[in-house]
1. If contacts are Cα pairs under 8 angstrom and at least 6 residues apart, what is the relative contact order of region 3-234 in percent?
2. Label point 7 Å out from W188 along Cα-to-Cβ: which residues of region 218-233 have amide N under 13 Å?
3. What is the local net charge at H93, summed over the other residues whose Cβ is closer than 10 Å to its Cβ (Lys, Arg +1; Asp, Glu -1)?
4. I'd like the Karplus ³J(HN,Hα) series for region 194-199: coefficients 6.51, -1.76, 1.60, θ = phi - 60°, whole numbers in Hz, and an x wherever there's a Gly or Pro.
5. Tell me which residues come under 5 Å, amide H to amide H, from G221 once H is placed; ignore anything under 5 positions away on its chain.
6. In terms of modelled amide H atoms, which long-range or inter-chain residues lie less than 5 Å from the amide H of L59?
7. Gaussian network model of the chain, Cα springs within a sub-10 Å range: biggest mean-square fluctuation belongs to which of A176, A147, A136?
8. Output wanted: per-residue J couplings in Hz (rounded whole) for region 201-218, from phi through Karplus 6.51 cos²θ - 1.76 cosθ + 1.60, θ = phi - 60°, x for Gly and Pro.
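The values are calculated or read from the model by the stated rules, or taken from the named source; none is laboratory data. Small disclaimer: the values here were computed from a predicted structure and weren't measured. Neighbour counts run over all protein chains shown; Cβ positions are idealised from the backbone, glycine included. Note: areas computed on protein heavy atoms with side chains; ligands, DNA, RNA excluded. Shrake-Rupley method; radii C 1.70, N 1.55, O 1.52, S 1.80 Å.
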Amino acid sequence: MQRLIIANWKMQLTVSQAVHVALMLRHSRLPRRSRLVLCPSATAIGAVSRVLHGSPIALGGQDLSPSLKGPYTGDVSARDLKAYGCQYVIVGHSDRRALGETDAQVNAKVKTALGARLTPVLCIGERWADRKAGRAVRVVQQQLRSALERVSPAQRRNVLVTYEPVWAISPGGPIAPAEAFRMARVIWRTLGGRSQPLIYGGSVVQRNAASFLDGVHFRGGLVGQASLRARSLVALL
Ligand code: PGA
């Protein structure tokens, strides 16, 4: 099965740095067994899209508005993501949730993405305080259920559910793979079956990628820090 590596560049690169990394990746020999998705910041999507044109590297947004059009200053429309050739969009990242994004907004974004034929990379995951208090499973289940509310079973299959424990995002350390697998089974139970491919995120680097992406629980990784340089991303792939 093809592994999916989703590079979340957050707001870490300038437009010219993003173009530079995308160019390096475009001219690198990438293994066919992995599919790479680059998610640049909104201001860099146009430029990176031009670099990737005609290459097997896919493009994704980091967030989207729940609305397609309207008076929403600063928001990014699914229509524009599509126009730039994006196939994916990250939804509900903990960076956005920390700024106040609610479960209801995440749900609306998932539906808008699906309606626009963008694959939502739906991030769910507990904070350290949740884990310490023994409510990690409850938090993850609650986020998942709300994010997929009124999403049909057929549409759910197009959602890339991404387990990303917030405390494991760098500079935090990664969770033990066995713990991540345990949560993958919780997610499947909540979804009502194991057919859904899952993604893991949180301090994925070359050294630990194989232990998370075992091909049974997780089909891919959402990668932040290790995706900012072409060399470390190619090594990870
Ligand atoms: P990280 O970030 O790989 O640097 O931990 C992942 C993410 O926040 O999506």
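1. Answer for region 3-234 is 20 percent.
2. Once the point is set 7 Å along Cα→Cβ of W188, 218-219 turn out to lie under 13 Å by backbone N, inside region 218-233.
3. Around H93, the surrounding residues sum to -1.
4. Once rounded to whole Hz, the list reads 9, 6, 6, x, 10, 10.
5. L4, I5, I6, Y200
6. L38, Q87, Y88
7. In the Gaussian network model the winner is A176.
8. x, x, 6, 6, 9, 3, 4, 10, 4, 5, 6, 7, 8, 6, x, 9, 8, 10
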